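First up is the structure itself, then whatever we jot down about it.
The values are calculated or read from the model by the stated rules, or taken from the named source; none is laboratory data. Since we're looking at a predicted model, the values are computed, not measured. Reconstructed Cβ throughout: ideal geometry from the backbone, glycine too, with neighbour counts over all protein chains shown. Side chains included, ligands, DNA and RNA excluded: accessible areas come from the protein's heavy atoms. Shrake-Rupley method; radii C 1.70, N 1.55, O 1.52, S 1.80 Å.
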Amino acid sequence: AASAPLGRIAVSTDALAYGAYGPVQIAATATNLGALPAIFSVALRIEDSNGFTVSDLAARSIGTLAGGASQAIADAWNTGTTLAGSYRVRATLLGASGEVLHEATTSFEIRHPEGAGPAVMLRLTTDRPVYYTTDQVNIQSLIGNVTTNTIVDNAVIRITITDPAGQTVLQRDG
């Protein structure tokens, strides 16, 4: 009677966090835990924190693996404009007929890189450069997200108008 192939897979990434368009280097190791040679293949995919597939990477056969032997598998995935958040790589070790033998995951983050500058920009203009004391001032503001993939939540713009002595005349949040 033939014994079912026993296998294990481990997976890791080269970093814990990536920015937009960051290359995620993926390393997986498949191990034949059985005493006999067996045929294996590996499927890698990127999932969000809820387990939904973001990207399926090409499944690949690693061929026949001797009993007790291991095989390294390397792949890469580019974050592109994938939204910032928590993600994971799922590695699945498959037997000769496609049955799932083992799965492993490793987590990583996509985020706006520290030191990459602000995530938002602000433009503030008035309709004229000089006003008389009875003039009405028209202030226009524009706030924009300058990141490729980061959602900016709960952003508040505060406009403060001061007199020549530095005393606050008007302050508005919006």
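Given the options THR168, VAL100, ALA119, identify the residue whose Cα lies farthest towards the positive end of the charge dipole of segment 69-174 (+1 on Cβ of Lys, Arg; -1 on Cβ of Asp, Glu).
THR168
In square angstrom, what is the accessible area per residue of the chain with a 1.4 angstrom probe?
Value returned for the chain: 63 Å² of accessible area per residue.
Round to the nearest 0.05 the FRET efficiency obtained for ARG8 and LEU83 when R0 = 45 Å and r is the Cβ-Cβ distance.
So, using R0 = 45 Å, E works out to roughly 0.90.
Among DSSP bridges having both ends in segment 1-116, what percentage is antiparallel? Round to the nearest 5.
Taking every DSSP beta bridge within segment 1-116, about 95 percent pair in antiparallel fashion.
Against the empirical 2.2 N^0.38 Å scaling, what ratio does the C-alpha Rg of segment 79-131 come to?
Compactness ratio reported: 2.34.
Which FRET efficiency value, to the nearest 0.05, is calculated for VAL156 and ARG123 with the Förster distance at 22 angstrom and r the Cβ-Cβ distance?
0.85
Charges on Cβ only, +1 for Lys and Arg, -1 for Asp and Glu, centred on the Cα centroid of the chain; of ALA28, VAL146, TYR18, which one is farthest towards the dipole's positive end?
Value: ALA28.
Would you mind telling me the share, in percent, of accessible area of segment 69-148 contributed by carbon and sulfur at probe 1.4 angstrom?
Accessible surface attributable to carbon and sulfur in segment 69-148 totals 51 percent.
Tell me, how many Å apart are the Cα centres for segment 28-71 and for segment 95-174?
42 Å
Report the per residue volume, in Å³, of the convex hull enclosing the C-alpha atoms of segment 1-99.
93 Å³
Rg and Dmax of the chain over Cα atoms: what are they, in angstrom?
Rg, Dmax (Cα atoms, Å): 27.1, 98.
Among ILE62, ILE26, ILE159, determine the one that fluctuates most according to a GNM of the chain built with springs between C-alpha atoms less than 10 Å apart.
Most flexible of the set in this elastic network: ILE159.
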